[in-house]
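Report on one structure; see the data block that follows.
Please treat every number below as a calculation from the coordinates, not as lab data. Being a predicted model, the structure only gives us computed values, none of them experimental. Here Cβ is always computed from backbone atoms with ideal geometry, including for glycine, and neighbour counts include all displayed protein chains.
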Amino acid sequence: MLKSMTGFGRAEKNAGDKTFLVDIKSLNGKQFDLQLKMPAMLKPFEFDIRKILSENLNRGTVDCFISLKETGSAKPVTINTDLAKAYYQPLAELSAALHLDPSHILSTLVKMPEVITPSSETLNEIEWIAFQNIIKDAIDDLNYHRVDEGKSLEDDLRLRIKNILLQQDEIIKLEPLRQQKIRDGLTRLLEENVGKENFDKNRLEQELIYYIEKIDISEEQVRLKNHCDYFVSLLDENAESKGKKLSFILQEIGREINTTGSKAYDSTIQKCVVTMKDELEKAKEQVLNVL
């Protein structure tokens, strides 16, 4: 089973007399990268909130937005009277100098920085416990979407590996014909240039064996098959996070495909290699989204 790194989760519930709305969006990323926005009253719990998100989401670029709406009585604000008086004098002088109506000074004063500030309320222990359940509900919702999208990723990855193995089957069928074509080509080249009776056939056979061994691709095909089998077996595992492992295996698969292509010296096998590379690139794009 695979999980995608992409998903969206939402939860809205009460914690005491407060209603919290938690939205979490996750995209692919090499590590866990969190952007967190929340009300001031949750600032004392920021470290704990980040820890909850990190432990439950594991990896990805995550945006978490927490908003609050009061459902109980209105909470008081603090008015900094001394600061308001300090702002008033220069504002009154400016108003008189510009011959403006001084009745609007109060509305301007309340908008000045730090004149009115919200109360420094925070969550009590019971509300904090309730809030943790809210954020975990949002995480569960996001993980549901991750699993759902992971199913599509898994189906596509299995198809890509299957297509690579189908091309490998074709290469294995072509391999004996390739060796014979190399043998016939070298023999014909010698016969045309030095004459059929003017070269040592035993020596030619020795050189052919050496040459064919140098361009033999049987080991690459064995390793390629093993890597593909390992990739599929990893898809079957129940591990929570395996995107990095799958990516590493695809690198090894790519190495064997490239070596096969460099040794092939056969146009038909090269066509198979090109198709394998195309399937591999599609698999690599998909693995980038796997948790």
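Would you mind checking which residues have amide H under 5 Å from PHE32's amide H? H placed 1.01 Å from N; only 5 or more apart, or other chain.
Sorted by chain and number, the residues that satisfy this are GLY60.
By how many nm would the segment from LYS173 to ALA239 grow when fully extended, if each residue of separation counts as 0.36 nm and the alpha-carbon distance is taken off?
Result for the pair: 20.1 nm of gain on full extension.
Please report the spacing between the Cα centers of segment 130-158 and segment 45-69 in Å, no decimals.
Rounded to whole Å, the Cα centres lie 14 Å apart.
Which distance in nm do the two modelled labels at TYR88 and MET1 give, with both placed 7 Å along the Cα-to-Cβ direction?
Simple spin-label model gives 6.6 nm for this pair.
Setting aside same-chain residues fewer than 8 positions from LYS151, which lysines have a Cα under 18 Å from its Cα?
LYS3, LYS162, LYS242, LYS244, LYS245, LYS282, LYS284
At 0.36 nm per residue, minus the direct Cα-Cα distance, what do ASN226 and LYS151 gain on full extension? Give it in nm, one decimal, please.
24.6 nm
Please report ILE52, ILE79 as a ranked list, fewest other C-beta atoms within 10 angstrom at the top and most at the bottom.
With the sparsest Cβ surroundings first, the list reads ILE79, ILE52.
Which whole-Hz ³J(HN,Hα) couplings does segment 25-35 yield from phi under the Karplus relation 6.51 cos²θ - 1.76 cosθ + 1.60, θ = phi - 60°, glycine and proline marked x?
My calculation for segment 25-35 gives 10, 10, 10, 6, x, 5, 10, 8, 10, 10, 10 Hz in order.
Arrange SER218, SER95 by Cβ neighbour counts within 10 Å, fewest through most, would you?
Details: SER218 9, SER95 16.
Listing SER218, SER95 from fewest to most nearby Cβ atoms yields SER218, SER95.
Between SER218 and LYS181, how high is the FRET efficiency from 1/(1 + (r/R0)^6) when r is the Cβ-Cβ distance and R₀ = 22 Å? Nearest 0.05.
0.85
7 Å from Cα along Cα→Cβ at both ASN124 and THR268: what's the point-to-point distance in nm?
Output for this residue pair reads 8.2 nm.
Provide the gained length on full extension for the span GLN35 to LEU159, in nm with one decimal, where the gain is 0.36 nm per separating residue minus the Cα-Cα distance.
41.1 nm
Taking the Cβ of each residue in VAL287, VAL222, VAL232 as the centre, tally the other Cβ atoms inside 10 Å and list the residues starting with the fewest.
VAL222, VAL232, VAL287
Based on Cβ point charges of +1 for Lys and Arg and -1 for Asp and Glu, what charge dipole magnitude is obtained for segment 1-90 about its Cα centre, in debye rounded to the nearest 20?
180
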